[in-house]
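Accompanying notes for the structure given below.
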Amino acid sequence: MKFFVTGVGGQLGHDVMNELARRGYEGIGSDIAPAYSSIQDGTAVTAMPYVALDITDREKVSEVIKAAAPDVVIHCAAWTAVDLAEDEDKREKVKDINANGPRYIAEVCKDLDCKMIQISTDYVFDGQGTAPWEPDCKDYAPLSVYGSTKLGGELAVSSTLEKFFIVRIAWVFGLNGRNFIKTMLSLGKTHDTIRVVSDQIGTPTYTLDLARLLVDMAETEKYGYYHATNEGGYISWYDFTVEIFRQAYELGHEEYSPDRVKVLPVTTAEYGVSKAARPFNSRLDKNKLTASGFTPLPDWRDALSRFLKAYEF
């Protein structure tokens with residue numbers, strides 16, 4: 001199979017390209033930069049074919065993807081700056097990227113009769129209650145511009161194609177790009193007390209593990225909606241931070257000793273600052289993965305351990 005991957009400058013796209021190389025598949029990467037300009041870590045993605053693409057340009061999307069003639073498009077590119085998306089002057093751009101971009105890609109996939117994997121988010125729901133969200137639940141009620149535009153992308157893909165996978169993820173982290181773990185590690189070096197929200201509940205997703213699953217999916221015709229995060233149960237951002245520092249300290253990084261830096265749980269209301277409403281309930285039900293024969297992602301603690309051992313502090 002031949003793959004076309006968007007957003008290879010980001011956390012997930014980077015790992016998807018490397019997974020394709022590991023399995024011997026042909027992969028063409030794309031992003032908005034004129035050339036691959038992300039982390040130069042010596043992995044396969046840095047040397048694989050690359051083409052610049054603005055996914056908000058309908059004609060260019062058609063031209064570039066048709067020229068590539070892939071069997072599968074894995075669409076990882078997105079606007080993910082949740083708070084910034086709320087700014088009035090950013091909203092149209094966010095919609096162009098998160099809703100219109102997937103529509104244009106889906107139209108080309110339909111013309112080429114190829115598969116499309118669309119990455120989405122739990123933000124398409126209202127984040128209320130405590131029950132895990134089912135992948136085929138249609139009770140959409142996004143609370144933010146980010147959530148509503150990602151829902152727009154989902155609906156564009158599902159209404160255009162039959163050969164689609166819509167994969168919702170949450171709390172993403174990878175070695176390439178910014179994420180919560182890197183932010184906490186940075187804060188832990190300069191603060192002796194860190195306040196972290198304890199009433200938002202979900203499960204982290206390691207892009208390295210997710211990339212493997214996405215390629216597994218592409219090798220099948222088991223289309224539809226799926227939820228994919230690491231296993232290991234549901235936790236809060238506070239719980240996650242405590243474990244990040246515990247593992248970092250065990251690896252010999254003394255600055256994360258519980259005697260030097262304390263992590264304090266606070267409510268979302270107490271924490272404040274966010275422009276966008278965050279979901280309290282990011283629990284995603286992943287049973288459909290195993291029911292469809294896919295191998296679940298490993299425990300999030302194991303994923304965190306592998307990330308920290310590979311990360312340059």
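The values are calculated or read from the model by the stated rules, or taken from the named source; none is laboratory data. Owing to the predicted nature of the structure, the values given are computational and were not obtained by experimental measurement. Methodologically, a virtual Cβ is constructed for each residue, glycine included, from the backbone with ideal geometry; neighbour enumeration extends over all protein chains shown. The area values use the complete protein model at the heavy-atom level, side chains included, leaving out ligands, DNA and RNA. Shrake-Rupley method; radii C 1.70, N 1.55, O 1.52, S 1.80 Å.
Values computed for the structure shown
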| item | result |
| --- | --- |
| Filter result (farther than 27 Å from Thr267 by Cβ, in a loop (DSSP other than H, G, I, E, B) and under 14 Å from the mean Cα position of the chain (by Cα)) within the stretch 147-197 | Gly174, Leu175, Asn176, Gly177 |
| Residue check, Glu243 surrounded by 14 or more Cβ atoms within 10 Å (Cβ to Cβ), more than 30 Å from Glu88 (Cβ to Cβ) and of a type in the set (Asp, Glu) | yes |
| Cβ-Cβ under 6 Å pairs, at least 6 apart or on other chains, the stretch 17-38 side more than 12 Å from Met1 (Cα to Cα), far side open to solvent by 50 Å² or more (accessible area, probe 1.4 Å) and assigned to a strand (DSSP E or B) | Gly29/Tyr50; Tyr36/Tyr50 |
| The stretch 53-76 - residue that is part of a helix (DSSP H, G or I) and in contact (Cβ under 8 Å) with a residue 60 or more places away in the chain and, of those, nearest to the chain's Cα centre (by Cα) | Ile65 |
| Condition met for Lys275 (among the charged types (D, E, K, R) and at pLDDT below 95) | yes |
| Subset tally (residues that are over 27 Å from Ser282 (Cα atoms) and part of a helix (DSSP H, G or I)) for the stretch 77-105 | 2 |
| Every residue from the stretch 248-262 that is open to solvent by less than 80 Å² (accessible area, probe 1.4 Å), within 16 Å of His191 (Cα to Cα) and assigned to a loop (DSSP other than H, G, I, E, B) | His253, Ser257, Val261 |
| Of the criteria (1) more than 19 Å from Arg178 (Cα to Cα); (2) of a type outside the set (Ser, Thr, Tyr); (3) open to solvent by 40 Å² or more (accessible area, probe 1.4 Å), which one Gln40 fails | (1) |
| Matching residues, the stretch 22-37, being open to solvent by 70 Å² or more (accessible area, probe 1.4 Å), in a loop (DSSP other than H, G, I, E, B) and touching a strand residue (DSSP E or B) at 6+ places or on another chain (Cβ under 6 Å) | Pro34 |
| Residue within the stretch 11-29 that is touching a Lys or Arg at 6+ places or on another chain (Cβ under 7 Å), of a type in the set (A, V, I, L, M, F, W, C) and closer than 29 Å to Trp171 by Cα present | no |
| Members of the stretch 280-310 found to be of a type in the set (Phe, Trp, Tyr) and open to solvent by 60 Å² or more (accessible area, probe 1.4 Å), listed by number | Phe280 |
| Residue list for the stretch 76-101, filter: surrounded by 14 or more Cβ atoms within 10 Å (Cβ to Cβ), in contact with a Lys or Arg (Cβ under 9 Å, 6 or more places away or on another chain) and among the charged types (D, E, K, R) | Asp83, Glu86 |
| Qualifying position, being within 20 Å of Ile201 (Cα to Cα), touching a helix residue (DSSP H, G or I) at 6+ places or on another chain (Cβ under 6 Å) and in contact (Cβ under 8 Å) with a residue 24 or more places away in the chain, among Thr160, Thr130, Thr149, Thr121 | Thr121 |
| Residue count, the stretch 197-218 (criterion: open to solvent by less than 10 Å² (accessible area, probe 1.4 Å) and β-branched (Val, Ile, Thr)) | 4 |
| Options Tyr238, Tyr225: the member that is touching a Pro at 6+ places or on another chain (Cβ under 8 Å), open to solvent by 10 Å² or more (accessible area, probe 1.4 Å) and part of a strand (DSSP E or B) | Tyr225 |
| Test: residue in the stretch 264-279 that is among the hydrophobic types (A, V, I, L, M, F, W, C), in a strand (DSSP E or B) and open to solvent by 70 Å² or more (accessible area, probe 1.4 Å) | yes |
| Qualifying positions in the stretch 135-146 - surrounded by fewer than 19 Cβ atoms within 10 Å (Cβ to Cβ) and either closer than 10 Å to Tyr123 by Cα or within 14 Å of the chain's Cα centre (by Cα) (or both) | Tyr140, Ala141, Leu143 |
| Residue within the stretch 205-216 that is within 20 Å of Gln118 (Cβ to Cβ) and either free of Cβ contacts under 8 Å to residues at least 60 places away in the same chain or in a strand (DSSP E or B) (or both) present | yes |
